[in-house]
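Only one structure is covered here, and it is reproduced in the block below.
The values are calculated or read from the model by the stated rules, or taken from the named source; none is laboratory data. Everything quoted here is computed from the prediction, not taken from an experiment. In this analysis, Cβ positions are derived from the backbone assuming ideal geometry, glycine residues included, and neighbour counts consider all displayed protein chains.
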Ligand SMILES: [Ca+2]
């Protein structure tokens, strides 16, 4: 999630290796912070200086951002210094992650991007995943209104159905980005705090948890704040396990989209036909639907496949996808926008949408074949 191209974050299945570490679960959050004492906390954080007798394997001890981060973890989130030392002294700096983050910023054109996600292998994987988890997917679709094929496609695009959940230690990648990547330090410091708290809540051993180089975890690749906010315990065993529990994984993707306003039964996107150059005078395109189909029509942009489903009052965003020799136009509706809440990219959401269509078609074919087979056997 939120890593534009997942080509690099490939890893073997997560292994839980036991590493010596007293679980962070021992400190209970008992902060009932009033306004006054939270002000006091802010003040004392500024005064906090990081002092430790422990020898670190990295250079964080000298980093003022780190000192501040630890101060907040102790004062605001009630961790203790010995525990944090035990954790942070064992991790290494990862300059390679900074390189990956910078490379990631380049956006490939659609015709190159799509080949990675829209291929037979990923479609077949999706059909298999659906067949194996049909009941859970039907339950999630019923509860959250999100089509099963969209949940399957997200999981397919993110980790190839759980095969590549990333092999970076989340504590290492998030620390690198929090302390050695000034451009987004604030965001990643917050994610790192979330990661520590998540580990305490879910009784994870933080050094064992692996994920993408940007700190996304599990089969649906949730970053720590999303893991805490949007994941759910869909099988009711008391844990939110996005690494191993198919129920929690499927339910959490459904819940994520539900929380971001998915509209049950509504269209996601459709091809648009553009005539002339008038459309260039439309407002600057955004991901969020910004004009009605009626307005688009006035600029010579119409749905390519007329249908009674496309009411003229329906709002859409005009999307442009670069094919090798021409541009392809689409209307993205509200639910398309909701997919971009998983990863803020037109390409990403379009790959999910088109993959979902292909998986559904292939699954329907398979079901038909199976029925025909059992019929002919019955004869
Ligand atoms: Ca569970």
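Annotation note: Cβ proximity below 6 Å between a residue of segment 229-251 that is in contact (Cβ under 8 Å) with a residue 60 or more places away in the chain and a residue that is within 7 Å of the ligand (Cβ to nearest atom) and not in a helix (DSSP H, G or I) (sequence gap 6+ or interchain) occurs for 247/234; 247/235; 251/234. Just one of (1) over 18 Å from residue 213 (Cβ atoms); (2) free of Cβ contacts under 8 Å to residues at least 40 places away in the same chain fails for residue 161. It is (2).
Suppose the filter is closer than 30 Å to residue 311 by Cβ, out of contact with any strand residue (DSSP E or B) (no Cβ under 9 Å at 6 or more places or on another chain), in contact (Cβ under 8 Å) with a residue 40 or more places away in the chain and more than 16 Å from the ligand (Cβ to nearest atom); does residue 179 pass it? The answer is no for residue 179.
This table checks each residue for (1) closer than 26 Å to residue 342 by Cβ; (2) surrounded by 14 or more Cβ atoms within 10 Å (Cβ to Cβ); (3) within 30 Å of the chain's Cα centre (by Cα).
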{"site": "278", "(1), (2), (3)": "no, no, no"}
{"site": "286", "(1), (2), (3)": "yes, no, yes"}
{"site": "292", "(1), (2), (3)": "yes, yes, yes"}
{"site": "307", "(1), (2), (3)": "no, no, no"}
{"site": "314", "(1), (2), (3)": "yes, yes, yes"}
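Entry remark, segment 235-262: residues being under 24 Å from residue 353 (Cα atoms), within 7 Å of the ligand (Cβ to nearest atom) and not in a helix (DSSP H, G or I) number 0 in total. Put simply, of 288, 280 the only residue that is modelled with pLDDT of 95 or more, more than 16 Å from the ligand (Cβ to nearest atom) and over 17 Å from residue 140 (Cβ atoms) is 288.
Got at least one residue in segment 199-213 being part of a helix (DSSP H, G or I), assigned by TED's automatic domain parsing to the domain that holds residue 56 and closer than 21 Å to residue 89 by Cβ? Checked against the condition, which is being part of a helix (DSSP H, G or I), assigned by TED's automatic domain parsing to the domain that holds residue 56 and closer than 21 Å to residue 89 by Cβ, segment 199-213 yields at least one hit. Residues satisfying the criterion are present in segment 221-229 (criterion: surrounded by 20 or more Cβ atoms within 10 Å (Cβ to Cβ), within 14 Å of the ligand (Cβ to nearest atom), in a helix (DSSP H, G or I) and modelled with pLDDT of 95 or more).
Residues of segment 69-83 that are part of a helix (DSSP H, G or I) and touching a residue at least 40 places away in the same chain (Cβ under 8 Å): 69, 72, 73, 83. The single condition among (1) surrounded by fewer than 23 Cβ atoms within 10 Å (Cβ to Cβ); (2) without any contact (Cβ under 8 Å) to a residue 60 or more places away in the chain that residue 174 does not meet is (1).
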